[in-house]
Amino acid sequence: MASANKQESSALTHDKRLLLFVVASLLLANVVQWGVCRVLGLGNPGGLKDLVLAFTHVRQWTDSWLPMMTSLDAFRANPSQPIYAAKLYDTLIYPLASLLPMVLLRRLGLSDAAMLRVLAVASWLAVLAVVAVSIALARRLLRERGATLTWPATLAIVLAVMGCYPLLKGYALGNAQTFLSLGFIVMLYLWTAGRERSAGVVAALLTMVKPQFVLLLVWMAVRRRWGAMWAFVACATVVMAVSVAVFGWHNNLDYIAVLAGLSHKAQSHFANQSMFGTINRMIFNGENLGYTPYVYTPYIPWVYRVTVLTALLIVGAVLAFPWGRLRGSTADIAAMGLASVAASPMAWEHHYGIVIGIFVWTWFAYGCWQRQSPWLLGLAFFLTMNFLAVTNLLAEKRGWNVLQSSMYFGALLLLFVLMRLARRVTRGEEAVV
C-alpha cells in the first residue's frame with residue numbers, strides 16, 4: 001500500500017511539470033520562434049496558427065480527397081481504362097481498397113461538395129477522437145498502478161494533441177493521414193488492453209491506406225503474436241476481396257507497379273522528413289523550400305541505396321532488438337509503427353501524427369513514475385510535434401541544412417528512447433525515458 005501511494009504521489013508530482021512542459025513547448029515553437037524571426041527581419045516563419053484556424057472553422061484542403069474522388073469518377077466513366085493510368089489533376093498513390101468508403105458515399109448519392117464536407121467533418125471528429133483515446137489510454141495506464149488522471153495531466157494531453165503540428169497539418173491538408181493517426185492510437189490502446197486480435201484488425205485497416213504498415217504484420221509474425229497476425233490477415237483478405245469485386249483484379253494488381261515506382265522517387269522538399277529527403281537537400285538535388293506538384297527529385301543511384309540501407313537498419317533494429325520484458329509490448333509495436341514511417345523514402349510531416357499516441361503511452365506507462373527528468377523523451381517530443389520553420393533559413397547552407405530534418409531525427413531519437421526503456425526495464429533498473 002505504501003509503495004502504491006508513493007507511486008501515485010510521484011505521478012501526481014509530475015502532472016504539473018508535464019503541463020508546464022507542453023505549454024513551454026508550444027510557446028517556444030510558435031510564439032518565441034515567430035518573435036525572433038520578426039525581430040531579426042526574417043519574416044513570418046509560419047506555424048500552428050493557420051492550422052488551428054482551419055480546424056476551428058472545419059476547413060481543409062483536398063490533398064487526399066480529390067485524387068481519390070477523381071480516380072473513382074474516372075473508373076465509373078470508363079471502367080475498361082486502368083485506374084492508375086487515368087489522366088487526372090494529380091496521381092493516385094493509395095491502394096484501391098482505400099477508396100471503398102468513397103464508393104459507399106457515391107452510392108448514397110452524395111455530390112462532390114457534400115462528400116468533401118462529410119470528409120472534412122469526419123476528419124475533424126477524428127482529431128477530437130485522438131484526444132479522447134489519448135485520455136482513455138492515460139487513464140487506463142494510471143489505473144493499473146492505482147492512480148487517477150488529474151486535471152493538469154488531462155489539460156496537458158488536450159493541449160499536446162491540439163498543438164500537434166503533424167496531426168493538424170494532416171487535417172488542414174485534407175489528408176487521409178488524419179484517420180491513420182487516430183487508427184494508430186486506437187491500435188496502441190487495444191494492444192495495451194490485451195485485445196490483440198482487435199489491434200490486428202486495426203493494423204490491417206491502416207495498411208489498406210499506407211502499405212508500409214504491412215511491417216506490423218511482419219512484426220506480429222516475428223513476435224509470434226498469432227492471434228493478432230491471423231486477425232490482420234483475415235481483415236486484409238476480406239477488404240481486398242471487396243476491392244477486387246469493385247475494381248477488378250487488374251486495377252488492384254497495378255498498384256504493385258505504383259509502389260515500385262514510388263520506391264525509387266520522392267520529393268526533396270523540406271516537408272519530406274526522411275533519409276531520402278535529408279540526403280537530397282544536403283547535396284542540393286531537387287527542390288527544398290519551393291514545391292512544384294508532380295515533380296519528383298532526379299534519381300541518383302547512391303542516394304537510393306543509402307535510403308534503402310538506412311530503412312533496413314531501422315526496421316532490422318526494431319525487429320532484432322532484445323526487448324526483454326517489453327518484447328511484444330505496446331512499446332515494441334509502437335516502435336515498429338514508427339519505424340514504418342521513418343524508413344519510408346516519402347515521410348511527410350503529417351505522417352508523424354502517429355507519435356502523439358506513442359508519447360502518451362511512454363509518459364503514463366513509465367515517464368511519470370521515474371525520479372529523473374525525462375530529457376530525451378522531452379527532446380523527442382519537441383522535435384517531432386512541432387514545425388521548426390527557422391531551420392529553413394539554413395536551406396542554402398551546405399551541411400547545416402541537415403537540421404531541416406528535425407522531425408525525422410526526433411523520430412529516430414524516440415525509437416532510441418523506446419529501446420533504452422526496454423533495456424532498463426529488463427535489467428530491473430529505473431525505467432528512465
Practice task
With a 1.4 Å probe and every protein chain left in place, work out the accessible area per residue of region 70-179 in Å², rounded to a whole number.
Solution key: 42 Å²
Practice task
Note down the net charge around ALA422, summing +1 for each Lys or Arg and -1 for each Asp or Glu among other residues with Cβ under 9 Å from its Cβ.
Solution key: +4
Practice task
Express the relative contact order of the chain as a whole percentage, based on alpha carbon pairs under 8 Å and six or more residues apart in sequence.
Solution key: 20 percent
Problem - For PHE276, net neighbour charge (Lys/Arg +1, Asp/Glu -1) across residues whose Cβ lies under 14 Å away - result: +2
Exercise for the section: Using a 1.4 Å probe and counting only protein heavy atoms, arrange LEU413, LEU168, LEU66 so the residue with the most accessible area comes first. Expected result: LEU66, LEU413, LEU168
Handout entry: Magnitude of the charge dipole, region 345-433, Cβ model with Lys/Arg +1 and Asp/Glu -1, debye to 20
Key = 260 debye
Fill in the blank from the handout: Between LEU309 and HIS250, Cβ-based FRET efficiency (R0 45 Å, step 0.05) works out to 0.85
Practice task
Give me the distance between the Cα centres of region 307-384 and region 163-193, rounded to whole Å.
Solution key: 15 Å
Exercise for the section: Quick one: check the C-alpha center-to-center distance for region 206-220 versus region 75-131, whole angstrom. Expected result: 21 Å
Handout entry: Length gained when the stretch ILE300-VAL121 is fully extended (0.36 nm per residue, less Cα-Cα span)
Key = 60.3 nm
Problem - Of the DSSP H helices in the chain, those whose Cα atoms cover at least 30 Å axially and whose Kyte score averages 1.6 or more - result: 226-247
Exercise for the section: Beta carbons within 10 angstrom, averaged per residue: use that to sort the peptides 259-266, 203-210, highest first. Expected result: 203-210, 259-266
Problem - Pair-distance profile P(r), taking every C-alpha pair of the chain, with 20 angstrom steps and integer % - result: 25, 59, 16, 0
Completion exercise
In nanometres, the difference between 0.36 nm per residue of separation and the alpha-carbon distance of LEU104 and PHE416 is 108.1 nm
Exercise for the section: Could you rank TYR165, TYR304 by how accessible they are, 1.4 Å probe, largest area first? Expected result: TYR304, TYR165
Completion exercise
Dipole check, region 273-393, charges on Cβ (K,R +1; D,E -1), about Cα centroid: among GLY378, ILE300, ASN288 the Cα furthest to the positive pole belongs to GLY378
Fill in the blank from the handout: Taking 93-100, 426-433, 16-23 and ranking on average Cβ neighbours within 10 Å, highest first, one gets 93-100, 16-23, 426-433
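The values are calculated or read from the model by the stated rules, or taken from the named source; none is laboratory data. It should be emphasised that the depicted structure is a prediction, and the values quoted were computed from it without experimental measurement. Using ideal geometry, Cβ is built from the backbone for each residue, glycine included, and neighbour counts are taken over all protein chains shown. What goes into the accessible areas is simple: the full protein's heavy atoms, side chains included, and nothing from ligands, DNA or RNA. Shrake-Rupley method; radii C 1.70, N 1.55, O 1.52, S 1.80 Å.
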